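Step one of this worksheet: look at the structure below.
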Amino acid sequence: QVQLVESGGGLVQPGGSLRLSCTASGFTFRGTQMSWYRQGPGKERELVATITSPRMFTDYAETVKGRFTISRDDAINTIYLQMHNLIPEDTAVYYCKVVTGDYWGQGTQVTVSS
């Protein structure tokens, strides 16, 4: 079955950086569009970034553009979210998702606080 496992979350100070990873299994990863979503406390889940395969076209929410970078390595079925200049408003549980199916990981918590 489809499995998505996120990792890399944690507590970081404002202005800091983190890199999230999501490793996938149970489907043909190459050629499958993938996304990162997040859900902050008391907020709805929102789309953060998307990446296609194999051409790796990317798209970002306006709130993270210029600070976050989505990437992928199809050889190891993994997508990444490199986050820089983190702000408290980035605090959320981050999820990866298969764009064309209702498959989600368990999420990884990112907390930005001093």
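How high is the relative contact order of the chain, in percent, with contacts defined as C-alpha pairs under 8 Å that are six or more residues apart?
Details: 281 pairs, mean separation 42.4, N = 114.
In percent, rounded to a whole number, it is 37.
Exposed loop sites here are trypsin sites (Lys or Arg not before Pro) in DSSP loop states with at most 13 other C-beta atoms within 10 Å. What is the longest stretch of the chain lacking them?
That would be 66-114.
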Worksheet item: Say we join alpha carbon atoms closer than 10 Å with springs in a Gaussian network model of the chain; which of GLY42, GLY26, GLY101 then has the biggest fluctuation?
Response: GLY42
Discussion item. Probe radius 1.4 Å, ligands and nucleic acids ignored: give me the carbon and sulfur share of the accessible area of the stretch 1-74 as a rounded percent.
Written reply: 47
Worksheet item: Within the chain, what percent of beta bridges assigned by DSSP are antiparallel, to the nearest 5?
Response: 90
Response to the item:
Counting Lys and Arg as +1 and Asp and Glu as -1 over every other residue whose Cβ sits under 15 Å from the Cβ of LYS65, the net charge comes to -3
Discussion item. Per residue, how large is the accessible surface of the chain? Use a 1.4 angstrom probe and give square angstrom.
Written reply: 52
Response to the item:
Once amide hydrogens are built 1.01 Å from N within the peptide plane, the residues lying 5 or more places from THR91 or on another chain with amide H under 5 Å from its amide H are VAL112
Practice prompt. Give, as a single signed number, the net charge of other residues whose beta carbon lies under 11 Å from the beta carbon of THR91, with Lys and Arg counted +1 and Asp and Glu -1.
Written response: 0
Practice prompt. In Å and from the alpha-carbon atoms only, list the Rg and Dmax of the chain.
Written response: 13.2, 41
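The values are calculated or read from the model by the stated rules, or taken from the named source; none is laboratory data. Given the structure is predicted, the values throughout are model-derived calculations rather than measurements. Don't worry about glycine lacking a Cβ; one is built from the backbone with ideal geometry, like all the others, and counts go over all protein chains shown. Just so you know, the surface numbers come from the protein's heavy atoms only, side chains and all, with ligands and any DNA or RNA stripped out. Shrake-Rupley method; radii C 1.70, N 1.55, O 1.52, S 1.80 Å.
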